[in-house]
Amino acid sequence: MVSNPEQKPIISPFLKWAGGKRWLVSQHPDLFPTMYKSYLEPFVGSGAVFFHMRPTNAILGDSNEELINTYATIKEDWCNLHKLLESHHRLHCKEFYYEIRAKTFENSVEKAARFIYLNRTCWNGLYRVNLKGSFNVPIGTKTKVVLDSDDFCAISNILKDTDLHASDYQTIVDSAQKDDFLFVDPPYTVKHNFNGFIKYNDKLFSWDDQIRLRNCIDNAVSRGVKVLLTNADHDSVRDLYKGIGEMTSRERLSTISGNVNARGRCSELIVKCYKS
């Protein structure tokens, strides 16, 4: 069993991500276990919880292949990635943004640099693709491509003993064993009411996916896995997870909406399936 690292230098997520969990780790660090074997996260996104936990052994997954390629590139070749981001920073302008957005790269470093560049300069850091799988978010107001908080060397070291998988979540959830810690943060789909988060991927996360996820988590809990789930604070989701762990609501600030009037405090459901 390993303990949750304490008093180590803070490593910030290098991506801005809709539904990211920076708020959760900063406001509610008490939610996370202090002792566990391996760390598993099937919807890694910006990895806020992973960077907070700093596990010795981890398995990270996501269905977004470009996202996983970006993590893998930082792990294996962060120096060349950083050099390319510096080049993108010098060249950044409206014409360059749309030129890069329209391009398709085969080289893993170029693909990762494109992914981070678009994330940092697009509107509100939103990841969204059309039905053809092409990124289609317009340019935003941010102009910094290389950030003062960037520490790709440190991130590479953290990822050294981490397995990365571009896969369906069930592959990761089903691999979790007794006393592992499984953090699950799926797209927030509710029954009969598709939530906006599912629009950020070309493969929609349906209500059937929510049911399948619930069944996978139920099985994991029965194996003795420590599970922490975040989801939409909606009656349909509460009914779905009834009898699995302890359910609480936590408020957060919502800033992703293009409509200023739609921004403000909102509630998320937390399902905790362990004692400590």
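Side notes on the structure shown:
- Which numbered condition SER149 misses (of (1) modelled with pLDDT of 95 or more; (2) assigned to a loop (DSSP other than H, G, I, E, B); (3) of a type in the set (Ser, Thr, Tyr)): (1)
- Pairs where the first residue, in the stretch 148-166, is under 17 Å from GLU65 (Cβ atoms) and without any contact (Cβ under 8 Å) to a residue 40 or more places away in the chain and the second is among the hydroxyl-bearing types (Ser, Thr, Tyr) and surrounded by fewer than 15 Cβ atoms within 10 Å (Cβ to Cβ), C-beta under 6 Å, 6+ apart: none
- When SER46, SER87, SER26 are screened for being assigned by TED's automatic domain parsing to the domain that holds ILE217, among the hydroxyl-bearing types (Ser, Thr, Tyr) and part of a helix (DSSP H, G or I), only SER26 passes.
- Members of the stretch 39-49 found to be in contact with a strand residue (DSSP E or B) (Cβ under 6 Å, 6 or more places away or on another chain) and closer than 17 Å to GLN27 by Cα, listed by number: VAL49
- Residues in the stretch 168-210 that are outside any loop (DSSP other than H, G, I, E, B) and at pLDDT below 95: VAL190, ASN193, GLY196, PHE197, ILE198, LYS199, TYR200, TRP207, ASP208, ASP209, GLN210.
- Unique match (being farther than 22 Å from SER134 by Cα and either assigned by TED's automatic domain parsing to the domain that holds LEU182 or not small (Gly, Ala, Ser) (or both)) among ASN80, ASN64, ASN69: ASN80
- Residue pairs whose Cβ atoms lie under 6 Å apart, separated by 6 or more positions or on different chains, with the first residue in the stretch 256-276 and under 14 Å from PHE183 (Cα atoms) and part of a loop (DSSP other than H, G, I, E, B) and the second among the charged types (D, E, K, R) and at pLDDT 85 or above, are TYR274/LYS226.
- Matching residues in the stretch 55-65 - criterion: being surrounded by fewer than 18 Cβ atoms within 10 Å (Cβ to Cβ) and either among the basic types (Lys, Arg) or more than 21 Å from ILE116 (Cβ to Cβ) (or both): THR56, ASN57
- ALA58 among the small types (Gly, Ala, Ser), over 13 Å from the mean Cα position of the chain (by Cα) and under 20 Å from ARG120 (Cα atoms): no
- Among all residues of the stretch 97-107, there is none that is touching an Asp or Glu at 6+ places or on another chain (Cβ under 8 Å) and surrounded by fewer than 21 Cβ atoms within 10 Å (Cβ to Cβ).
- Test set (1) touching a helix residue (DSSP H, G or I) at 6+ places or on another chain (Cβ under 8 Å); (2) over 18 Å from ASP150 (Cα atoms); (3) touching a residue at least 40 places away in the same chain (Cβ under 8 Å) - PRO55 fails condition number: (1)
- Within the stretch 1-42, if we keep just the residues that are of a type in the set (Ser, Thr, Tyr) and either at pLDDT 95 or above or farther than 23 Å from SER175 by Cα (or both), the residue that is surrounded by the most Cβ atoms within 10 Å (Cβ to Cβ) turns out to be TYR39.
- Every pair of residues 6+ apart whose Cβ atoms lie under 7 Å, when the first sits in the stretch 75-101 and is closer than 16 Å to LEU147 by Cα while the second is outside any helix (DSSP H, G or I) and not small (Gly, Ala, Ser): LEU85/VAL145; LEU85/VAL146; GLU86/VAL146; HIS88/VAL145; HIS89/VAL145; HIS89/VAL146; HIS92/THR143; HIS92/VAL145
The values are calculated or read from the model by the stated rules, or taken from the named source; none is laboratory data. No experiment lies behind these values; they were computed from the predicted model shown. Please note: Cβ atoms are built from the backbone with ideal geometry, for glycine as well, and neighbour counts cover all protein chains shown.
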